[in-house]
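The values are calculated or read from the model by the stated rules, or taken from the named source; none is laboratory data. This is a predicted model, so every value here is computed, not measured. FYI the Cβ positions are ideal-geometry reconstructions off the backbone, even for glycines, and counts take in every protein chain you see. When the accessible area is computed, the model is the full protein with side chains, heavy atoms only, and any ligands, DNA or RNA have been set aside. Shrake-Rupley method; radii C 1.70, N 1.55, O 1.52, S 1.80 Å.
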Amino acid sequence: IAAPAPCPSVSGTVAVALQVPPDPGSDGNELLCVTSTAIDLFGSLQGTPDVGGSWSAPGGGAFSGSFVPGTSTPGIYTYTVTGTPPCPNASASVDVSVTAIPDAGTDGSITLCTTGAQQDLFALLGGTPDGGGAWTAPGGGPNSGTVDPANDPAGAYTYTIAAPAPCPSVSSVVTVSLQAPPDPGTDGAELLCVTSPPVDLFGSLQ
């Protein structure tokens, strides 16, 4: 402040410090398969989040930051970075969803006679397979789910269920073996004299 003569001017100083607020990044989301490997949710945050923050699980409990599909609870996980006063703490979240994988059952096998009845392949799967899948015949062609031993080939019949993303499709196999029936020939006839020599009747079969 300029003062009247002969007084000198006078002054005062205000020192201003600026504090950078914490950066937790921005919200992200993850869609995982129940069979996926564990992931670090820090990599699911958007932007350039500061390291050193803390995670909380759905419901507010402490969380390590590593989500294990099939073990960890799906939901919203919150990442919080502590602010330096006067800046407050800041948070971002990752919304995690987990997709279940269908059950294609376990492999089965059967041996059929080539003159036998048709066989429902689904009934030959082990476990508790889910319906709605598709069958392929040996060689990869489509199959109705029924094998006709008189017309269909032996081999591996594959049952496949398409899973929702990001889970892969699942499949199981029924191995079909075919057995030809015995052949007794067809009826024959012999007219013999009572004085004829012995006859091997196998040669009389047609």
(request) With only Lys, Arg, Asp and Glu charged, each at its Cβ (+1 for the first two, -1 for the last two), find how big the charge dipole of region 47-206 is about the Cα centre; round to the nearest 20 debye. (result) 780
(message) I need two numbers for region 1-74: Rg to one decimal and Dmax as a whole number, Cα atoms only, in Å.
(response) 25.7, 87
(request) Taking the dipole about the Cα centre of the chain, with the C-beta of Lys and Arg at +1 and of Asp and Glu at -1, give me whichever of Ile110, Val68, Gly140 is farthest to the positive side. (result) Val68
(request) Output the peptides 190-197, 170-177 sorted from most to least packed, where packing is the average of other Cβ atoms within 10 Å over each peptide's residues. (result) 170-177, 190-197
(request) Please work out the Cα center distance from region 1-61 to region 134-199, rounded to the nearest Å. (result) 70
(message) So with the 1.4 Å probe, I'd like the accessible area per residue for the chain, rounded to whole Å².
(response) 62
(request) Would you please give the residues with an amide H less than 5 Å from that of Gln179, counting only those at least 5 places away or on a separate chain, with H modeled from the backbone geometry? (result) Leu112, Cys113, Thr114
(message) As a test of the definition: which semi-axes, in Å, follow for the chain when you take the square root of five times each eigenvalue of its alpha carbon gyration tensor? Largest first, please.
(response) 85, 13, 10
(request) Mind listing the long-range amide H neighbours of Leu121? Cut-off is under 5 Å, sequence gap 5 or more, other chains count too, H placed in the peptide plane at 1.01 Å from N. (result) Thr146, Val147
(request) Could you look at the chain and say what percent of its accessible area is carbon and sulfur, using a 1.4 Å probe and all protein chains? (result) 57
(message) Could you compute how much accessible surface Ser54 exposes when probed at 1.4 Å, giving the result in Å² to the nearest 10?
(response) 70
(message) Quick query: amide H of Asn89 versus all other amide H atoms, modeled in the peptide plane; which residues come in under 5 Å with a sequence gap of 5 or more or a different chain?
(response) Gly83
